[in-house]
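Right, one structure below, let's go through it.
The values are calculated or read from the model by the stated rules, or taken from the named source; none is laboratory data. Remember, it's a predicted structure, so these values are computed and weren't measured experimentally. We place every Cβ from the backbone using ideal geometry, glycine too, and count neighbours over all the protein chains shown.
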Amino acid sequence: MASTSHYVHHVPSPELQNRLIAEVRRVLRPDELFAGTDSTETTARWVLHEGDVYVPVDPTALAPRLSDAGFVDIVFEEHGDRFRFLARCP
């Protein structure tokens, strides 16, 4: 089984994003995966999200945030202005 997350940037603060990541970690069983995708911060995305919740996720900080929540075997890939991750629950 795996849990997926798309667009963590809609969670209204980095602290709440971390709580979301920690909650996913809490409910996954050992060896289950957490996979997700998101996009990097761009001017176009700010315009797209005008009047919306938009708290960009720093892709360089995501792996440490996943690790801090207790995930292991973290894989992170950037593709242009988008990124994806995969992390395993120990």
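Listed by first and then second residue, the pairs with beta-carbon distance under 6 Å, at least 6 apart or on different chains, first residue in the range 61-75 and β-branched (Val, Ile, Thr), second assigned to a strand (DSSP E or B) and buried (at least 16 other Cβ atoms within 10 Å of the Cβ), are VAL72/ARG88; ILE74/ALA87; VAL75/LEU86. Inspect all residues belonging to the range 46-58 and state whether any of them is without any contact (Cβ under 8 Å) to a residue 60 or more places away in the chain, closer than 14 Å to ALA87 by Cα and out of contact with any Ser or Thr (no Cβ under 8 Å at 6 or more places or on another chain). There is no residue in the range 46-58 that is without any contact (Cβ under 8 Å) to a residue 60 or more places away in the chain, closer than 14 Å to ALA87 by Cα and out of contact with any Ser or Thr (no Cβ under 8 Å at 6 or more places or on another chain). Pairs meeting the criteria (first residue in the range 24-36 and at negative phi and of a type in the set (Asp, Glu), second residue surrounded by 11 or more Cβ atoms within 10 Å (Cβ to Cβ) and assigned to a strand (DSSP E or B), beta carbons under 8 Å, at least 6 apart or on different chains) are GLU32/ALA2; GLU32/SER3; GLU32/ARG88.
When residues in the range 1-32 are screened for being in a loop (DSSP other than H, G, I, E, B), at pLDDT 90 or above and not polar (S, T, N, Q), 7 of them pass.
Once the range 33-90 is narrowed to residues that are of a type in the set (Gly, Ala, Ser) and part of a strand (DSSP E or B), the residue that is farthest from ASN18 (Cα to Cα) is SER39.
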